[in-house]
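K.L.:
Mind having a look at this structure? Questions to follow.
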Amino acid sequence: MVTIEVPAVAPAPRAQRGRGTALILVSSVCFGMSGTIAKPAMIAGLSPEQVAAARIGLAAVVLLAGIGLVRPRLLRVRKTEWPLLLGYGLLGVAGVQLCYFVAVQRLPVGIAILLEFMSPVLIALWTRFVRHVRLPRAMWLGITLAMLGLALVAQVWEGLSLDAVGVLAGLGGTVCSAAYFLIGEHGATTREPLGMVTWGVVIGAVAVSAIAPPWTIPVAILDAPADLGPWHPPVWLLVVAVALLSTALAYALGTSALRHLPAAVASVIGLLEPIVATATAWALLGESLRWVQLAGALVLLGGATIVQMVHSRQTVQVQPGVGQESPASAP
């Protein structure tokens with residue numbers, strides 16, 4: 001799960017806050033399950049690039065068809081908006097998904113998504129050193145805790161006992177997640193989020209398909225059974241599930257939730273994603289963390305929460321009504 005902001009809207013009535021909370025909870029659970037659902041498909045023989053291409057491609061078809069039928073005006077794009085949408089799709093969609101699935105293939109699912117949730121730290125540093133905005137001490141405390149937690153998760157005293165390529169991919173996902181937020185923050189002031197998400201996924205699908213063309217996916221592997229806990233579904237069913245459940249549905253629900261929840265609430269609820277990822281990977285894939293890594297995960301999550309809450313509070317003060325959401329894996 002990556003972070004975006006949407007245009008200021010009138011505060012939702014109290015009766016709608018419960019609806020917004022329910023929507024973003026379901027969205028976070030859907031995003032958090034993506035790594036657990038997709039990893040058995042990669043174990044069965046699909047590459048991370050092929051899984052990402054299938055996931056984003058199917059989601060793009062569903063979103064484009066759905067929005068085209070229900071709200072076609074959201075698909076209108078001015079010429080001046082294309083550079084923004086291209087950056088959004090290439091980094092925020094294609095980059096995030098590719099890096100995340102490479103990390104998932106080489107690391108435990110929980111660690112892969114925790115690395116991606118370092119993005120609030122990068123956003124805070126961008127705010128301080130690029131935008132030259134002074135940050136509260138609490139945010140620096142959150143950054144310090146997040147870096148300490150990352151060191152514990154990676155067990156740096158053992159010479160980075162985790163797979164180096166996996167860690168680099170996870171950190172690449174962090175950078176792409178931060179870019180997703182920053183580009184989305186700028187673009188959502190002129191476009192409705194659902195239209196931007198749809199075009200972002202379409203552009204991301206085209207980019208990933210250039211790396212892993214759909215016709216290169218071996219049909220034999222798609223029909224092969226995969227191991228997902230006590231179940232043995234075919235690989236194609238897992239690919240469809242991660243595309244519909246953890247991409248199209250997750251984005252749609254999360255975007256709808258932002259109409260009803262303020263930034264601080266939505267961003268903190270979004271931190272449910274790494275917990276869901278770790279829990280489902282433990283229950284269905286038999287993955288677990290050492291006690292030191294588990295402690296580090298909690299410290300990292302705590303630091304990221306502090307950073308997210310302080311940043312959200314500042315955003316609300318500057319731009320009242322702004323909503324924020326954090327997809328995994330995102331994403």
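K.L.:
Those residues that are within 15 Å of Met309 (Cα to Cα) and either of a type outside the set (A, V, I, L, M, F, W, C) or without any contact (Cβ under 8 Å) to a residue 40 or more places away in the chain (or both), I need them from the range 126-143; list them, please. Even if it seems obvious, please write down each step before you answer.
P.N.:
Pass one, the range 126-143, residues within 15 Å of Met309 (Cα to Cα): 127, 135-143.
Within the range 126-143, Thr127, Pro136, Arg137, Trp140, Gly142 meet the criteria.
K.L.:
Looking at Val29, is it modelled with pLDDT of 90 or more, within 14 Å of the chain's Cα centre (by Cα), part of a helix (DSSP H, G or I) and surrounded by fewer than 24 Cβ atoms within 10 Å (Cβ to Cβ)?
P.N.:
Yes; evaluated as a whole, the condition is true for this residue.
K.L.:
In a helix (DSSP H, G or I), under 23 Å from Gly142 (Cα atoms) and aromatic (Phe, Trp, Tyr), is that true of Trp126?
P.N.:
The answer is yes for Trp126.
K.L.:
When the residues of the range 277-287 are narrowed to those that are within 15 Å of Ile113 (Cβ to Cβ) and small (Gly, Ala, Ser), which ends up surrounded by the most Cβ atoms within 10 Å (Cβ to Cβ)?
P.N.:
Ala277
K.L.:
Which residue, of Ala252, Ala283, is at pLDDT 85 or above and assigned to a helix (DSSP H, G or I)? I'd like the intermediate steps shown before the answer.
P.N.:
Numbers: Ala252 fails: at pLDDT 85 or above.
Criteria check complete, one pass: Ala283.
The values are calculated or read from the model by the stated rules, or taken from the named source; none is laboratory data. Note that the coordinates shown come from a computational prediction; the quantities given were computed from them, not determined experimentally. All Cβ positions, even for glycine, are placed from backbone atoms using ideal geometry, and neighbour counts span all protein chains on display.
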